[in-house]
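**Q** Okay, here's the structure, questions in a sec.
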Amino acid sequence: MGKKRNSSKPGPLLTQNIRELLGQGEVLFTNVAASTTQLSNSNEVAGARLSTAAIEPVPIYDTTEGLDDAQPKKKLKRVVVEGGFLGPGLEHHNATGLVPHYTQKSQVPPHLQKYFAQRKRYFSMYSEGCLLDEEGWFSVTPERIADQIAERCRCGTILDAFCGVGGNTIAFARTCERVIALDTSPVRLALARHNAAIYGVADRIEFILADYTSFARSYLSLPNPHAQKIDVVFLSPPWGGPSYLHPSASEDDPAPPGGTGTQTEYTLASVLPIPGDELFALTRKITPNVAYFLPRNMNIAEVGALVDASVEDAEGRKEKVEIEEEWMGNKLKALTCYFGGLALGQEWMWPQ
Ligand code: MGP
């Protein structure tokens, strides 16, 4: 069972006001709660708390042509639509056709084939019709890692600032009462909603077409932004493309797969759409509780420096950041950096 935290009362007002500021009309859904298992172990290391989430990967499906067709379909109480299974009454979420749904390796462009091989790690329900665009293929969070992060972020209202094709958003919908999911791409937002419908959680998520920095500034400009507060912000921004491990590699001449070759330390300056330290500073005006999903070759000193070590509370406690390594089997995939009340042992930072 997950831990209980104080959380805000979800309500429509907050995003409604922001949509007005952003000049948007449409909103889509609301919320729920559920439980998953806590997987992390942690150790105290030199002022920061480091932890590891060891997650067994689902089998990799790499070369077997037509494997999906050979697998028995799960029995789901869902309406069958062309190319997928969506919940009853959710046919209008069907984004089939916006991007291809690959079922065989031979259909996939060569540069995406290594991601296609991991499709069931990204979405265990991939065969039910999950859809990813190119950016989605190389940046979606594998489902088990997304579940782990969602458990850590359990709260009332969470903002997924860069929702992409919905990997994290779907996981948050299972642990948080309300999910606000933003993306600047209408296609990706439609794919995220389609995928959430396949998982049966689309009605718990409010999808908003918006640039996060504009959204954040609009939110902060509301007369009383914290009246309907956002408990947690999840930041999983673009890292600058699939060559983030090897910045000198180009799309035409990519670095070899498998994390080999000369890896350079990743710096926050490479984060998009604004430098990662500015993105963090803006976010902390919304909430102290931030989960920041960053590359495995991240310069850790830069992450530590995001927290102002000179600041302490009335009881002399200084903030620490917890950096969780996300392992799948023997492979380190990424880091999740937990700030504020999300860090283990730092529950005192969670608002009472
Ligand atoms: P990867 O290293 O590109 O993939 O990304 P993989 O399959 O581990 O590659 P290999 O070459 O090492 O075998 C690892 C994970 O990082 C992905 O599964 C995504 O969850 C995440 N990720 C990758 N990119 C390029 C981004 C990005 O731009 N933004 C975010 N938020 N996550 C990313």
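**Q** Can you list the strands (runs of 3 or more DSSP E) lying wholly within segment 275-352 that have 1 or more residues being hydroxyl-bearing (Ser, Thr, Tyr), surrounded by fewer than 18 Cβ atoms within 10 Å (Cβ to Cβ) and at pLDDT 95 or above?
**A** Result: empty, no element qualifies.
**Q** Inspect segment 118-140 for any residue being at pLDDT 95 or above, acidic (Asp, Glu) and within 25 Å of Val232 (Cβ to Cβ) and give the result as yes or no.
**A** Looking for residues that are at pLDDT 95 or above, acidic (Asp, Glu) and within 25 Å of Val232 (Cβ to Cβ), one finds at least one in segment 118-140, hence yes.
**Q** Name the residues in segment 285-329 that are away from the ligand (no atom under 16 Å from the Cβ) and of a type in the set (Ser, Thr, Tyr), would you?
**A** Matches in segment 285-329: Thr287, Ser310.
**Q** Now for a different question. Considering each residue of segment 108-161, count those that are within 11 Å of the ligand (Cβ to nearest atom), farther than 27 Å from Asp231 by Cβ and outside any helix (DSSP H, G or I), and give that number.
**A** 2
**Q** To continue, here is another question. Scan segment 274-304 for residues that are among the hydrophobic types (A, V, I, L, M, F, W, C) and either in contact with a Leu (Cβ under 7 Å, 6 or more places away or on another chain) or within 22 Å of Cys153 (Cα to Cα) (or both) and jot them down.
**A** Answer for segment 274-304, where residues must be among the hydrophobic types (A, V, I, L, M, F, W, C) and either in contact with a Leu (Cβ under 7 Å, 6 or more places away or on another chain) or within 22 Å of Cys153 (Cα to Cα) (or both): Leu279, Phe280, Ala281, Leu282, Ile286, Val290, Ala291, Phe293, Leu294, Met298, Ile300, Val303.
**Q** Here is a list of conditions, (1) surrounded by fewer than 24 Cβ atoms within 10 Å (Cβ to Cβ); (2) in contact (Cβ under 8 Å) with a residue 24 or more places away in the chain; (3) not hydroxyl-bearing (Ser, Thr, Tyr), and Pro186 meets all of them except one; can you say which number that is?
**A** All conditions pass for Pro186, except number (2).
**Q** Quick test for you: out of Pro242, Pro238, Pro256, pick the one residue that is within 12 Å of the ligand (Cβ to nearest atom), over 20 Å from Ala150 (Cβ atoms) and at pLDDT 95 or above.
**A** The unique qualifying residue is Pro238.
**Q** Looking at Ala171, Ala192, Ala181, which one is within 15 Å of the ligand (Cβ to nearest atom), surrounded by 24 or more Cβ atoms within 10 Å (Cβ to Cβ) and not in a helix (DSSP H, G or I)?
**A** That would be Ala181, the only listed residue that is within 15 Å of the ligand (Cβ to nearest atom), surrounded by 24 or more Cβ atoms within 10 Å (Cβ to Cβ) and not in a helix (DSSP H, G or I).
**Q** Let me ask something additional. Could you say whether any residue in segment 214-224 is among the polar types (S, T, N, Q) and within 16 Å of the ligand (Cβ to nearest atom)?
**A** no
The values are calculated or read from the model by the stated rules, or taken from the named source; none is laboratory data. This one's a predicted model, so the numbers in the text were calculated from it and none came from an experiment. Using ideal geometry, Cβ is built from the backbone for each residue, glycine included, and neighbour counts are taken over all protein chains shown.
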